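Asker: Have a look at this one before I ask anything.
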């Protein structure tokens, strides 16, 4: 039977890992994800899991150990943040191109420099094109739930790709909130067993993993990998539907919050969505037709689905907690605009870069943003700035 607890996001994630009981966890500590392997190592030491816990000498080694374990046919997990994810960079590509269903908890933190330990999406956005499925969590409950779904998605025969579940450092990872934990046996049944058809330890079928690929094959392999990422959209929804049937909580590629009849909308990821919802509720009480889309799945990117959800909106702010250094805003802004191009004529968009280095964004800030959107909706598209930074000191 499910039970309600008061837990931080990191505690909730470590309990999800304990319930999944992976075969191998390899990790190296880095703030603010350190607590995840710290809690889990205690479970391993106490005999509460059957996991082989591997304390390695770096994050590059952590992902390398996960790659070796997954190639050998077992479930492998890890957790990291910021510079740790950057140190894994080479191995993230290898995990994805070798089609290894590793699951990683990414606790988002600013990527240096200057050195900063607070939340920002620069770490995971830097890894957005490595071939990993990426899912972002508004709160600890969503981080816990998404982790329970992750192996089912990663290991699906139409996918076979690694999955990164993200939560905001400190805001979600260390804040304590009410969370519903599912029964261990129910989780075990939902996650199921992993029995890969091909792996290194099958003497009846010798295989190579990650061999040198000569010119005639590389593009075909990358296209197959791209097709698997496209397949992941349907699989994510299929697993989410079964999760809702089993545990009662509903998830999709994104959440539409009060979008019925919305004329002004914001699209945002992770913990800031909770703040934005309060602003939307306040504005709706005043008669303002405000709405919100909380993007949950960034890879694969739900382009067609977003375009359909935003039809009828007059003005849209796309919120990036990461600076793209392109001179044109952040990565989410580029993705959303590409999704809307030619499909939603008349919608006026602005890309907002906010919250860098953990800078706060409050309900009043979102209310002010919706007021700005109302003014932008009256202007010709040519007069609307392509992007702006929000909350910086002059």
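Derivation of every value follows stated rules applied to the coordinates shown; laboratory data play no part. It should be emphasised that the depicted structure is a prediction, and the values quoted were computed from it without experimental measurement. Positions of Cβ are backbone-derived with ideal geometry, glycine not excepted, and every protein chain shown enters the neighbour counts.
Asker: If the elastic network links every pair of Cα atoms under 10 Å, which of 34, 119, 110 fluctuates the most in the Gaussian network model of the chain?
Answerer: Sorting by GNM fluctuation, first place goes to 34.
Asker: Comparing 207, 49, 268, which has the greatest mean-square fluctuation in the GNM of the chain with Cα pairs linked when under 10 Å apart?
Answerer: Largest GNM mean-square fluctuation: 207.
Asker: Using the eigenvalues of the Cα gyration tensor, what equivalent ellipsoid semi-axes result for the range 254-390 when each is taken as the square root of five times the eigenvalue, whole Å, largest first? Present the calculation step by step, with values, prior to reporting the outcome.
Answerer: Numbers: eigenvalues 70, 63, 49 Å².
Over the Cα atoms of the range 254-390, the ellipsoid semi-axes are 19, 18, 16 Å.
Asker: Now for a different question. For the range 235-264 and the range 4-51, compute the distance between their C-alpha centroids and round to whole Å.
Answerer: Centre-to-centre distance over Cα atoms comes out at 27 Å.
Asker: Something else: Using the Kirkwood radius over Cα pairs, work out the Stokes-Einstein diffusion coefficient for the range 132-270 at 10 °C and 1.306 mPa s, in µm²/s as a whole number.
Answerer: Numbers: Rh = 17.7 Å.
Estimated via Stokes-Einstein, D reaches 90 µm²/s.
Asker: Only helical DSSP H runs with n ≥ 4 go in: add -39500 (n - 2.57) per run for the chain, normalise by residue count and round the 222 nm mean residue ellipticity to 500 deg cm²/dmol. Working shown, then result.
Answerer: Values: 13 runs with 157 residues, N = 394.
Value at 222 nm, helices only, nearest 500: -12500 deg cm²/dmol.
Asker: Right, next: Please determine, in degrees from 0 to 90 and to the nearest 10, the orientation of helix 363-376 with respect to the longest principal axis defined by the Cα atoms of the chain, where the helix direction is its Cα long axis.
Answerer: On a 0 to 90 degree scale, this one is about 60.
Asker: Calculate the spin-label point distance for residue 56 paired with residue 6, positioning each point 7 Å from the Cα along the beta-carbon direction, and give it in nanometres.
Answerer: Reported label-point gap for residue 6 and residue 56 is 3.7 nm.
Asker: Now a separate question. Show me 277-284, 377-384 ranked by packing, highest mean number of other Cβ atoms within 10 Å first. Mind showing how you got there, number by number?
Answerer: Values: 277-284: 18.1, 377-384: 10.4.
By packing density, highest mean first, the sequence is 277-284, 377-384.
Asker: Still on this structure, I have one more. Given all pairs of different Cα atoms, what value in angstroms does the Kirkwood hydrodynamic radius of the range 1-143 take?
Answerer: Numbers: mean 1/r = 0.0654 Å⁻¹.
Averaging 1/r across every pair of different Cα atoms and inverting gives 15.3 Å.
Asker: Also, quick follow-up: Give me the angle, in degrees from 0 to 90, between the Cα long axis of helix 9-20 and the longest principal axis of the Cα atoms of the chain, rounded to the nearest 10.
Answerer: 40 degrees
Asker: Sticking with this structure for a sec: Within the range 336-380, whose backbone N sits under 12 Å from a point 7 Å along Cα→Cβ of residue 256?
Answerer: Under 12 Å, as judged by backbone N against the label point of residue 256, lies no residue of the range 336-380.
Asker: Which of 346, 327, 312 moves most in a GNM of the chain, Cα contacts under 10 Å?
Answerer: Comparing 346, 327, 312 in the GNM, the peak value goes to 327.
Asker: Relative to the longest principal axis of the C-alpha atoms of the chain, give the angle of the C-alpha long axis of helix 140-154, reported between 0 and 90° and rounded to the nearest 10°.
Answerer: 60 degrees
Asker: Pick the calculated Cα Rg over 2.2 N^0.38 Å for this structure from [x] 1.36; [y] 0.98; [z] 1.08?
Answerer: [y]
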